[in-house]
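Participant: Supplied in structure tokens, the structure appears directly below.
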Amino acid sequence: MKLYDYILSPSCYKVRLMAAILGIKLDIRSVDFHPGAEHRGPELLALNPAGSIPILEDGDLVLTESSAMLAYLAANNAPEWLGHGSPQETARVQQWLSFSHRLTANLGGARLHEMLLRPGDIKALQAQGIAALRELEAGLFERGERGMRFLAANQATIADIACFPYVALAPDGGLSLDPYPLIRLWLRAIRSLNGFIEMPGIHRLHELKPDPLLAGEK
Ligand SMILES: N[C@@H](CCC(=O)N[C@@H](CS)C(=O)NCC(=O)O)C(=O)O
């Protein structure tokens with residue numbers, strides 16, 4: 001399975017992360033997203049006329065939306081990551097997958113503006129990003145009231161993986177996560193999943209490792 005990938009792309013990282021958690025090996029084809037804009041060149045536009053990455057190829061199948069890629073990897077390897085099939089869970093997964101695309105636009109847009117100097121109204125993007133973070137915080141509160149740690153179910157689903165990268169990288173777009181304790185707990189829960197991998201800017205859960213100074217005292 002071949003992934004057209006850029007190391008600093010949160011959307012590509014979603015697919016790498018899901019594959020790593022499920023133990024699936026990807027054949028990575030690096031794309032010169034910046035500064036080369038290779039994703040808008042003829043070879044990649046022929047695969048994805050929308051001019052975005054990631055792109056996932058598996059034999060004749062070409063997928064160009066990260067949510068579809070997450071669903072494909074899960075359906076083939078670990079269907080429990082799609083939710084457990086109740087109408088409510090199925091709907092919640094879809095709800096948060098749609099939400100994840102809003103995050104790409106607002107938090108992702110702010111990040112592109114701040115990191116790659118893309119044109120755009122940074123104040124408007126940040127205001128939309130804050131509204132989305134508040135919506136997520138409220139959603140996690142509601143989930144917590146029902147005893148759930150994750151967005152759509154008691155276990156992580158593709159919805160969590162879809163939302164995780166842009167939220168974790170919100171500070172790159174100038175948005176602090178300090179005001180959102182439930183979001184920070186949820187990020188921590190995802191970072192502690194078996195098979196979790198890093199991307200630049202998103203690290204493993206160092207906090208869970210024993211403090212070297214305290215460990216020395218024992
Ligand atoms: N809806 C797409 C969006 C992916 C997306 O926005 N990818 C960014 C890279 S993180 C991209 O290729 N943007 C095109 C550009 O900024 O020129 C998906 O979820 O796969």
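Participant: Let's test this: bin the Cα-Cα distances of the chain at 5 Å from zero up to the farthest pair and state each bin's percent.
Facilitator: Pairs per bin, as whole percents: 1, 7, 14, 18, 19, 17, 12, 7, 3, 1, 0, 0, 0.
Participant: May I ask for the equivalent-ellipsoid semi-axes of segment 2-80, computed as the square root of five times each C-alpha gyration tensor eigenvalue and listed largest first in whole Å? The partial results should precede the final answer.
Facilitator: Details: eigenvalues 94, 35, 19 Å².
Working from the Cα gyration tensor, I get semi-axes of 22, 13, 10 Å.
Participant: Now a separate question. From Cα pairs below 8 angstrom and at least 6 apart in sequence, can you work out the relative contact order of the chain, rounded to a whole percent? If you can, show how the numbers build up before the last one.
Facilitator: Details: 296 pairs, mean separation 46.8, N = 218.
Reported as a whole number, the value is 21 percent.
Participant: Take the solvent-accessible surface of the protein heavy atoms, probe 1.4 Å, and return the percent of it on the chain that carbon and sulfur atoms account for. Before the final figure, lay out the partial values.
Facilitator: Numbers: 6080 of 10890 Å².
Ligands and nucleic acids excluded, carbon and sulfur reach 56 percent.
Participant: Let me ask something else. Among rounded, prolate and oblate, which fits segment 82-193 when a ≥ b ≥ c are the square roots of the eigenvalues of its C-alpha gyration tensor, a/c under 1.5 means rounded, and a/b larger than b/c means prolate?
Facilitator: Working: a/c = 2.20, a/b = 1.82, b/c = 1.21.
Note, shape of segment 82-193 comes out prolate.
Participant: Which far-off residues, 5 or more places away or on another chain, put their amide H under 5 Å from the one on I55, with H placed in the peptide plane?
Facilitator: Those lying under 5 Å, H to H, from I55 are Y4.
Participant: Once phi is turned into θ = phi - 60°, what whole-Hz ³J(HN,Hα) does the Karplus curve with 6.51, -1.76 and 1.60 give for every residue of segment 174-184, x standing for Gly and Pro?
Facilitator: Karplus values, whole Hz, x for Gly and Pro: x, 10, 6, 9, 4, x, 10, x, 6, 4, 5.
Participant: Run the numbers for D27 and K2: contour at 0.36 nm per residue of separation, minus the present Cα-Cα distance, in nm.
Facilitator: Working: separation 25, 0.36 × 25 = 9.00 nm, distance 0.46 nm.
Length gained between D27 and K2: 8.5 nm.
Participant: Can you return the aspartates and glutamates within cross-link range of K123? Criterion is Cα-Cα under 13 Å, with same-chain partners fewer than 8 residues away left out.
Facilitator: In chain and number order, the partners are E114.
Participant: State the Cα centre-to-centre distance between segment 1-48 and segment 85-114 in whole Å.
Facilitator: 19
Participant: As a check on your grasp of the helix formula, calculate [θ] at 222 nm for the chain: sum -39500 (n - 2.57) over DSSP H runs of n ≥ 4, divide by the residue count, round to the nearest 500.
Facilitator: Numbers: 8 runs with 113 residues, N = 218.
When only DSSP H runs of four or more count, the value is -16500 deg cm²/dmol.
Participant: Related question: How far apart, in nm, are the 7 Å Cα→Cβ label points at L47 and A78?
Facilitator: 2.5
Participant: Distance in nm between label sites at R149 and S98, each 7 Å beyond Cα in the beta-carbon direction?
Facilitator: If labels sit at R149 and S98, their model points lie 2.9 nm apart.
Participant: Let me ask something else. What aspartates and glutamates does K14 reach when the alpha-carbon gap must be under 12 Å and sequence neighbours fewer than 8 apart in one chain are set aside?
Facilitator: D5, E65, D160, E198
Participant: Additional query: Which value, in Å², gives the accessible area per residue of segment 68-188 when a 1.4 Å probe is used on the protein heavy atoms? Numbers along the way, then the final one.
Facilitator: Values: 5650 Å² over 121 residues.
On a per-residue basis, 47 Å².
Participant: Charges at C-beta only: +1 for Lys and Arg, -1 for Asp and Glu. How large is the resulting dipole of the chain about its Cα centre, in Debye rounded to 20? Walk me through the numbers on the way to the answer.
Facilitator: Details: 21 positive and 24 negative charges, 73 e Å.
It comes to approximately 340 debye.
Participant: Could you grab the relative contact order for segment 2-80? Cα pairs under 8 Å, six or more apart, rounded to a whole percent. Walk me through the numbers before you get to the answer.
Facilitator: Details: 97 pairs, mean separation 27.0, N = 79.
Answer for segment 2-80 is 34 percent.
The values are calculated or read from the model by the stated rules, or taken from the named source; none is laboratory data. This one's a predicted model, so the numbers in the text were calculated from it and none came from an experiment. Don't worry about glycine lacking a Cβ; one is built from the backbone with ideal geometry, like all the others, and counts go over all protein chains shown. With ligands, DNA and RNA removed, areas are computed over all heavy atoms of the protein, side chains included. Shrake-Rupley method; radii C 1.70, N 1.55, O 1.52, S 1.80 Å.
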